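Bear in mind that the values in this text are calculations on the coordinates, not laboratory data. The structure displayed is predicted, hence computed values, not measured ones. Every residue, glycine as well, gets a Cβ built from its backbone with ideal geometry; the counts of neighbours run over all protein chains shown.
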Amino acid sequence: MILLADSGSTKTEWKIIKDKIPEESVFTAGINPYFLSENEIHDLLEKELTQLNGKEFRKIYFYGTGCNSDLKNNVVRRALARFVGTDEIFVGSDLLAAARSLCQNNQGIACIMGTGSNSCYYDGKIIVSNVSPLGYILGDEGGGAVIGRKLVSAVLKKQVHPLVVNSFFDTYKITPAEILESVYTKPFPNRFLGQFARFIADNIHIPELQEIITTSFDEFIIRNIVQYPESRILPIHFTGSIAFYFRPFLEERLTRNHLQPGTITLSPMTNLIIYHINNPDPR
């Protein structure tokens, strides 16, 4: 029996696979070792992952945002070892999960477009090259936090139609002062900003909101995808809520930039399960 975990900025999906058959998913809050200490991760697991109590696993594969160095990976690994009681734990980046899920054992450009964004060239075995995403302040083009930031900025500066401004505040029942406090003084401002991408999805018929999406996707393509020479001949795959729910706009911008749209999924987990069933002990 193995345990798979895919952790983004907002939530973590846990999946038990027993005799190559996946069980029902369990969800907890996102686990990012840049924001949570070993003890905080362990406490989160104790509180939110009670379904695993008493279960024994041959191996755990944890893929997560912020798991991009030995230092940070070990924070997660130690917390998991304390909670589950096994040392057979692989910790890898959420980008590796996306690449294995989207490309399986084939070459491709694998991208994440959820609360944050990321991309890589994957040769079918390993990530060969990666344009640093830089986070929602310096990068994360096309991610929900950046899209939400653009929307909130446009609303607060009244750069969109007054009806859009009024609709925004009617929808969220929030004041400008509360927005600024959540962005600048409260934890996880990226999650706070990311929630507002839903407003654009619900009002995508408004040209001003469509422009936020299309310019964000163009920025992602220009600043990330085309930096991989392989992008001109390989399919461009995506996983994540923004890519999934705005798929027609994303595919249109890819095609306009002479790129080949590939697989687009809401979450890596379904195809990641297939990868791990077909590759029992990947490194």
> Across the stretch 137-161, what is the number of residues that are crowded, with 22+ Cβ neighbours inside 10 Å and either in contact with a Lys or Arg (Cβ under 7 Å, 6 or more places away or on another chain) or among the polar types (S, T, N, Q) (or both)?
Replying inline: 1
>> I'd like to know if the stretch 223-232 contains one or more residues that are among the polar types (S, T, N, Q), outside any helix (DSSP H, G or I) and more than 17 Å from LEU102 (Cα to Cα).
In response: yes
> Are any residues in the stretch 98-128 within 10 Å of the chain's Cα centre (by Cα) and either under 17 Å from ASN73 (Cβ atoms) or part of a helix (DSSP H, G or I) (or both), and if so, which ones?
Replying inline: ALA98, ASN118
> Does any residue in the stretch 67-95 that is free of Cβ contacts under 8 Å to residues at least 12 places away in the same chain come within less than 7 Å, Cβ to Cβ, of a residue that is part of a helix (DSSP H, G or I) and surrounded by fewer than 19 Cβ atoms within 10 Å (Cβ to Cβ) six or more places away or on a different chain, and which pairs are these?
Replying inline: ASP87/ALA81
> Considering ILE277, ILE200, which residue is of a type in the set (Val, Ile, Thr), crowded, with 20+ Cβ neighbours inside 10 Å and part of a helix (DSSP H, G or I)?
Replying inline: ILE200
